[in-house]
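Note sheet for the following structure.
The values are calculated or read from the model by the stated rules, or taken from the named source; none is laboratory data. Only a predicted model underlies this, so the values are computations on that prediction, with no experimental measurement involved. Don't worry about glycine lacking a Cβ; one is built from the backbone with ideal geometry, like all the others, and counts go over all protein chains shown. The protein model used for the area step is the full one, side chains on, heavy atoms only, and it has no ligands, DNA or RNA in it. Shrake-Rupley method; radii C 1.70, N 1.55, O 1.52, S 1.80 Å.
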Amino acid sequence: MAHWFHRNPLKATAPVSFNFYGVAGSPAANKICNDLRTTRARLLEMFTDVTCNPEIMKNATDAYFSLLQGFIASLDGTTQENKMRFIQNFKWTDTLQGNTPSAQQDAVFELVSMAFNVALWYTKFASRLAGKENITEAEAKDVHRSLKVAAGIFKNLKEIHIPRLITPAEKGRDLEPRVIDAYIIQCQAEAQEVTIARAIELKHNATLIAALAFETANFYQKADHTLNTLEPECSSKWRKYLQLKQHFYMAYAYCYHGQTLLASDKCGEAIRSLQEAEKCYSRAEALCKEYRQTKGPGTTAKPSEQLFFLKLGGLIKNTLEKCQRENGFIYFHKVPAEAPQLELKASYGLAEPIAFELPSLSEQCTAEVYATFDLTKGAKNDKAKPKDEEVKPVKEPDLKPQKDTGCVVS
């Protein structure tokens, strides 16, 4: 299912040399600085390497973060801030704000910005894998897990690391609560989409599918409402995606709830539920067009062209016709004026974020080496470089569409 998920762009960053000549007063201190530069560059390369997988990404992330913590964690046995935390300036763009960067002279800002990009990478890896033709069960599990890993990273940043920033995030920036909450919820909703697709594929009971679809629709609605106070020019496209997914899964919920009602001999209520499914599906189709026409950051998904989307339209139509035939021959039930109130609660299949933990501090970062960094010497700046480094957008690999079989899991 290529182009099923909307993806905002990766964050871009200015190069960082970690050249603390004079301050780094020992070979071991210089080695930490050199390794910080190389592990950072390696991690940035992995974000756009199509051969990168979660294992490679985790290794690259751990290599950099284990060293970066040497500039954040207290290494001298006191409760005071690490003396190296505020020595280096870092610049990062934001996913919704184009190429205008934010800058902070704070290693915690670097940690949360880079980790945010790692979480984005997991969502893009999941999207790329889901776009494969004839995806296997193992690959579907990787999609599901990657989305939950991303949710866990976003959640960890929001709860633990972002509150440590001295300078709070500006409105509309990635690290502010509305934006990061939307990412957390979207990841959970998309992980549940994998569960729903599998439940349909394996013909699980209609009650479970309806409940999962209802919970997923509510997730998308919650994510959309989280963004409703952001500037429209940066959030409208993303919100259209969230809205179309909400209506699509409400259509699924009403469709499968209708099947449950028919199986309980409540044919009139079943017809009304299917009629509501039709209405939600039509709204999802209209939102797909609006989404394609809306300008804004990110890749444009094409859900209405996918068999998974198109099959639902046929399923609703056929199920409704069946209910109407049965009602005309057997039940003769009155069709209620009001759509049934969905009060469905899924007992199984809900996606919880996978807890994220930073790697252990690198063995290179000892108290003895830390003591050889001398801030009184002052870092010598490379005067040949321009004062304001340009932050170039990340050139991301194209997601090539493949033949759509309509299957998410085989």
By residue number, the members of the stretch 128-163 that are without any contact (Cβ under 8 Å) to a residue 12 or more places away in the chain and either open to solvent by 70 Å² or more (accessible area, probe 1.4 Å) or at positive phi (or both) are Lys141, Glu159, Ile160, Pro163
Mind checking whether some residue in the stretch 267-289 is open to solvent by less than 30 Å² (accessible area, probe 1.4 Å), under 18 Å from Arg7 (Cα atoms) and either touching a residue at least 12 places away in the same chain (Cβ under 8 Å) or not in a helix (DSSP H, G or I) (or both)? yes
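Yes/no per residue for (1) at pLDDT 95 or above; (2) under 23 Å from Leu165 (Cβ atoms); (3) among the β-branched types (Val, Ile, Thr):
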position: Arg42; (1), (2), (3): yes, no, no
position: Asn59; (1), (2), (3): yes, no, no
position: Gly77; (1), (2), (3): no, no, no
position: Arg85; (1), (2), (3): yes, yes, no
position: Val108; (1), (2), (3): yes, yes, yes
Could you identify the single residue in Ala213, Ala217, Ala189, Ala206 that is modelled with pLDDT under 95, among the small types (Gly, Ala, Ser) and over 21 Å from Ala12 (Cα atoms)? Ala206
Lone qualifier among Lys31, Lys83, Lys91, Lys58 - being more than 17 Å from Thr372 (Cα to Cα) and in contact (Cβ under 8 Å) with a residue 12 or more places away in the chain: Lys91
Apart from one, (1) closer than 19 Å to Val194 by Cβ; (2) open to solvent by 30 Å² or more (accessible area, probe 1.4 Å); (3) among the charged types (D, E, K, R) all hold for Lys245; the odd one out is (2)
Restricting to the stretch 164-203, name every residue that is surrounded by fewer than 15 Cβ atoms within 10 Å (Cβ to Cβ) and polar (S, T, N, Q). Thr167
Among residues belonging to the stretch 97-122 that are under 14 Å from the mean Cα position of the chain (by Cα) and open to solvent by less than 10 Å² (accessible area, probe 1.4 Å), point out the one that is nearest to Leu67 (Cα to Cα). Ala115
Inspect all residues belonging to the stretch 198-206 and state whether any of them is in contact with a Pro (Cβ under 8 Å, 6 or more places away or on another chain) and part of a helix (DSSP H, G or I). no
Is it fair to say Thr13 is open to solvent by 30 Å² or more (accessible area, probe 1.4 Å) and out of contact with any Asp or Glu (no Cβ under 8 Å at 6 or more places or on another chain)? no
Taking the residues in the stretch 123-146 that are more than 17 Å from the chain's Cα centre (by Cα) and among the β-branched types (Val, Ile, Thr) as candidates, determine which candidate is modelled with the lowest pLDDT. Ile135
For the stretch 175-194, the count of residues that are under 21 Å from Glu357 (Cβ atoms) and not in a helix (DSSP H, G or I) equals 1
Search the stretch 334-355 for residues that are under 20 Å from Ala213 (Cβ atoms) and open to solvent by less than 90 Å² (accessible area, probe 1.4 Å) and pair each with any residue that is modelled with pLDDT under 80 and among the hydrophobic types (A, V, I, L, M, F, W, C) when their beta-carbon atoms are under 7 Å apart and the residues are at least 6 apart or on different chains. none
Residue check: is Leu261 in contact with a Pro (Cβ under 8 Å, 6 or more places away or on another chain), buried (at least 16 other Cβ atoms within 10 Å of the Cβ), in contact (Cβ under 8 Å) with a residue 40 or more places away in the chain and within 21 Å of Ala199 (Cβ to Cβ)? yes
Hey, Arg325 within 35 Å of the chain's Cα centre (by Cα), among the basic types (Lys, Arg) and either at pLDDT below 90 or surrounded by fewer than 18 Cβ atoms within 10 Å (Cβ to Cβ) (or both) or not: no
Which numbered condition Asn228 misses (of (1) without any contact (Cβ under 8 Å) to a residue 60 or more places away in the chain; (2) outside any loop (DSSP other than H, G, I, E, B)): (2)
